[in-house]
1. Quick check on my filter: what residues within the stretch 1-47 are of a type in the set (S, T, Y) and within 25 Å of the chain's Cα centre (by Cα)?
2. Is it fair to say A200 is modelled with pLDDT under 85, outside the structural domain of A76 (by TED's automatic domain parsing) and either surrounded by 11 or more Cβ atoms within 10 Å (Cβ to Cβ) or more than 15 Å from the chain's Cα centre (by Cα) (or both)?
3. Would you confirm whether any residue within the stretch 83-97 is touching a helix residue (DSSP H, G or I) at 6+ places or on another chain (Cβ under 9 Å), on the phi > 0 side of the Ramachandran plot and surrounded by fewer than 19 Cβ atoms within 10 Å (Cβ to Cβ)?
4. Take the residues of the stretch 1-58 that are outside any helix (DSSP H, G or I) and basic (K, R): which is surrounded by the fewest Cβ atoms within 10 Å (Cβ to Cβ)?
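The values are calculated or read from the model by the stated rules, or taken from the named source; none is laboratory data. Here the structure is a predicted model, which means the values were calculated and not measured. No Cβ is skipped: glycine too gets one built from the backbone with ideal geometry, and neighbour counts run over all protein chains shown.
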Amino acid sequence: MSSTANRDEWIRQRAECLTGEPLPCHPIVWTDTTNFMSIERGHVLDLAGSLFVVRSNEHEGRFGIDDQPKFWVKRALSLDSGRMYILKLACEEEFRIHVGPREIKCCRSAEKEAQVLALAHGDERFMQGRAVRDSHGNLVRIIEFVNGADLLSYLQSVHLRHEEYFHVLMPGILARVANSVLPIASPPSNDCTMRDSATAISATTICSSNAHPACTSGLIST
């Protein structure tokens, strides 16, 4: 049996063990993630030698477009560790959101997000991950999966009278939220100017070692 056949068989058996679902004898393995729309459940991504079996697409839960699939963001299991990860594939785009009367232009940039992830590395208050390039040079972010409900989902699940919520639950919630918000005001220790290689647009950011996770969604370009 060839080394390729041995590898395919190991991938198939390992993926089936983790997911409980059958895979074809010759699993579909992607090394180039450019065509992310074609990467489906049960497919395998080979990212610089790290193998992941895709479980689903993530969905947008903000900006008034709840439940819209994000085909460039995959939930996947590592074939090595069995742990769940979020794989953010390269998707460069611009979109606008509205906060009250303000319209804010947001830019998705894999390059900038990867840089901010590196700055926030080791601070468990914030999103953790690493970036690797696929065989085509696309920058893929491998994000550690955090189990549990997000804050908004938790708040929507609370069924208490206002007074009880205000006096019993809210103080503890605010204390925990503050631990994530306060680093925004931390003295900058890693000021940096990032230049997007694709657009040649520079963005000056104040990124401390406690870089706020909002930084990873896009930077204000100048």
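1. Start the filter on the stretch 1-47 by keeping residues that are of a type in the set (S, T, Y), which leaves 2-4, 19, 31, 33-34, 38.
Those that are of a type in the set (S, T, Y) and within 25 Å of the chain's Cα centre (by Cα): T19, T31, T33, T34, S38.
2. Numbers: modelled with pLDDT under 85: yes; outside the structural domain of A76 (by TED's automatic domain parsing): yes; either surrounded by 11 or more Cβ atoms within 10 Å (Cβ to Cβ) or more than 15 Å from the chain's Cα centre (by Cα) (or both): yes.
Taking the combined requirement at face value, the residue satisfies it.
3. Of the residues in the stretch 83-97, the ones touching a helix residue (DSSP H, G or I) at 6+ places or on another chain (Cβ under 9 Å) are 88-92.
From what's left, on the phi > 0 side of the Ramachandran plot: none.
No, every residue in the stretch 83-97 fails to be touching a helix residue (DSSP H, G or I) at 6+ places or on another chain (Cβ under 9 Å), on the phi > 0 side of the Ramachandran plot and surrounded by fewer than 19 Cβ atoms within 10 Å (Cβ to Cβ).
4. Start the filter on the stretch 1-58 by keeping residues that are outside any helix (DSSP H, G or I), which leaves 1-2, 20-35, 39-58.
The next check asks that each one be basic (K, R); those that pass are 41, 55.
Numbers: R41: 14, R55: 16.
Residue satisfying both the conditions and the ranking: R41.
Each row is one residue, and each column tells you yes or no for (1) at pLDDT 50 or above; (2) over 22 Å from the mean Cα position of the chain (by Cα); (3) acidic (D, E).
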{"position": "E164", "(1), (2), (3)": "yes, yes, yes"}
{"position": "H167", "(1), (2), (3)": "yes, yes, no"}
{"position": "G172", "(1), (2), (3)": "yes, yes, no"}
{"position": "S208", "(1), (2), (3)": "no, no, no"}
